[in-house]
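Asks: Got a structure here, written out as structure tokens. Questions coming.
The values are calculated or read from the model by the stated rules, or taken from the named source; none is laboratory data. Bear in mind that the values here come from a model prediction, so they are computed numbers and not experimental data. Here the Cβ is made from the backbone with ideal geometry for all residues, glycine too, and neighbour counts use every protein chain on show.
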Amino acid sequence: MTDVNKSKEQLIDELAELRQRVDDLSQQEEKRKIIEDELQKSEEKYQSLVDSTDDSIYLIDKQFNYIYMNKKHMTRLGLKDSSYIGRSYREFHSPDEIQEFIIKVDRVFRTGESAQYEYRSCRDNRFFLQTFSPVIDKKGTIAATVVSKDITERKKAEELILQSKQDWESTFNTITDVITIHDKNYNIIRANKAAEKILKLPFLVGDNKCFKFYHGTDSPLKACPSCSCLVSGEPANFEIYEPHLNMYLEIRAIPRFDRDNNLVGLIHVVRDISERKLLEEKLHERSITDELTGLLNRRGFFSLAQKQLSSAARKGRELVVIYADMDDLKTINDTYGHEEGDIAIKEVALMLKDTFRESDVISRLGGDEFAVLVEVTDTNDEVYVKNRLEEKLDVINSPDHRRYSLKLSVGMVKCDPSNPCNIDELLSKSDKLMYAHKKSKC
């Protein structure tokens, strides 16, 4: 009974153990199913993500056969199901693409390293950025993952930006005005071709101070409006004569700001206005010059004489105004013709130029009337001037072959710096004295 009973106890224990094992297996099976479900969900999620991307994703083995591709890549190749598996990359691409692709995939298998490349597809003439990555197990690289991103729009944008940059560069360099871009430390950081030529700019590296090339100085000019622009941030427009360049320049200084509205420099737009200035000077000279004699005309005399009077008043210098009128010009015109009359007027003009200094203001006011503004230094100068005029006239009239003599009636008035007056008053007084002189000859 004892053995029999012991056998029963063993059977009970074995049965209990067996039940426990069954329970354990059941739990393990449930866990396995849960894990399988999770894996399946994860795989579905991953597959959904891979298929929803706009990038082509596929796996290639060592023989360059497809072992996987997502829906995007299937669509690109015109495939509808998984019949691609085991088919060669060569079936779907041009010879040029195949050769380049094999080199890239082979490099992944040899090095086990990832790499990126850009290429242009012969299939649809689109640009792609390809990323090649190894799939590695214990035996090494078993496949290559290729992610191909369509960058056609980006390339188009880059080409537009490049074209825009080239257009800007072309325009920048065809502008005949000098254009230089400066930083806040007075360095020229960019210049167009006109600037390079006129300023003789070297390759813009390092220290390229604008004042060195524009003014030939070692430091900024104190009164330079452009330098003020770098401080105030206000634009400046001005004209200057630049001795260093031997040019008249019209300059626009335009401040440069960054995105945060911080002043970072300026743009210089410079135009050579030398020809215009010369023309303006010629026009101005013509506007104040008597065409017949080359002396100042009435307008020129009043403008320059008034400046001389103001300067003399400040410096305490004495001036004399001489009013001279030709005698018998009407007789010369009536007897010998107006051309001879013009010759007589020019002879008087030359005589006045020979008598007075370049610093004196000599003019033909009109007709047969002349005016001179002379600086004097002592009380005898008025007499000296009058005697010198008479001597010059005697020299002109001395030849025996002359058909007529040149004669002048003259009035002279001194301007006292302690009691300044204007040029109109001085001319009026000297004019009266001139008429008195003329009348005394009758």
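Asks: Taking the condition among the acidic types (Asp, Glu), surrounded by 14 or more Cβ atoms within 10 Å (Cβ to Cβ) and either in the same structural domain as Arg271 (by TED's automatic domain parsing) or part of a helix (DSSP H, G or I) (or both), does Glu196 pass?
Replies: Yes: the conditions hold for Glu196.
Asks: Would you check which residues across segment 163-213 are at positive phi and of a type outside the set (Gly, Ala, Ser) and list them?
Replies: Tyr186, Lys200
Asks: Turning to a different aspect of this structure: Could you tell me how many of the residues in segment 213-237 are surrounded by fewer than 17 Cβ atoms within 10 Å (Cβ to Cβ) and farther than 16 Å from Gly265 by Cβ?
Replies: Qualifying residue count for the region: 8.
Asks: Which residues, taken from segment 128-157, are assigned to a strand (DSSP E or B) and either touching a Leu at 6+ places or on another chain (Cβ under 6 Å) or under 16 Å from Asp54 (Cα atoms) (or both)?
Replies: Phe128, Leu129, Gln130, Thr131, Ala143, Thr145, Val146, Val147, Ser148, Lys149, Asp150 - these are the residues of segment 128-157 that are assigned to a strand (DSSP E or B) and either touching a Leu at 6+ places or on another chain (Cβ under 6 Å) or under 16 Å from Asp54 (Cα atoms) (or both).
Asks: Among the residues of segment 343-400, which ones are surrounded by 15 or more Cβ atoms within 10 Å (Cβ to Cβ) and β-branched (Val, Ile, Thr)?
Replies: Ile345, Val348, Thr355, Val361, Ile362, Val372, Val374, Val376, Val385, Ile396 - these are the residues of segment 343-400 that are surrounded by 15 or more Cβ atoms within 10 Å (Cβ to Cβ) and β-branched (Val, Ile, Thr).
Asks: Determine if segment 312-322 includes at least one residue that is part of a loop (DSSP other than H, G, I, E, B) and either within 55 Å of the chain's Cα centre (by Cα) or not assigned by TED's automatic domain parsing to the domain that holds Lys432 (or both).
Replies: yes
Asks: Inspect segment 110-127 for any residue being under 15 Å from Ile60 (Cβ atoms) and part of a helix (DSSP H, G or I) and give the result as yes or no.
Replies: Within segment 110-127, one or more residues are under 15 Å from Ile60 (Cβ atoms) and part of a helix (DSSP H, G or I).
Asks: Go through the residues of segment 342-357 one by one and say whether even a single one is farther than 20 Å from Ala305 by Cβ, in the same structural domain as Ser311 (by TED's automatic domain parsing), among the basic types (Lys, Arg) and at pLDDT 90 or above.
Replies: Yes, there is a match, as at least one residue in segment 342-357 is farther than 20 Å from Ala305 by Cβ, in the same structural domain as Ser311 (by TED's automatic domain parsing), among the basic types (Lys, Arg) and at pLDDT 90 or above.
Asks: I'm checking my understanding of the structure. Among residues of segment 279-293 that are in contact (Cβ under 8 Å) with a residue 12 or more places away in the chain and in contact with a strand residue (DSSP E or B) (Cβ under 9 Å, 6 or more places away or on another chain), which one is nearest to Ser226 (Cα to Cα)?
Replies: Ile288
Asks: Pick from segment 104-129 the residues that are within 16 Å of Tyr66 (Cα to Cα) and without any contact (Cβ under 8 Å) to a residue 40 or more places away in the chain: which of them is nearest to the chain's Cα centre (by Cα)?
Replies: Lys104
Asks: Conditions first: (1) closer than 21 Å to Ile142 by Cβ; (2) among the hydrophobic types (A, V, I, L, M, F, W, C); (3) at pLDDT 75 or above. Leu39 passes all but one, so which condition is the exception?
Replies: Leu39 satisfies every listed condition except (3).
Asks: Answer yes or no: is there a residue in segment 417-433 that is in contact with a Gly (Cβ under 8 Å, 6 or more places away or on another chain) and buried (at least 21 other Cβ atoms within 10 Å of the Cβ).
Replies: Yes: one or more hits.
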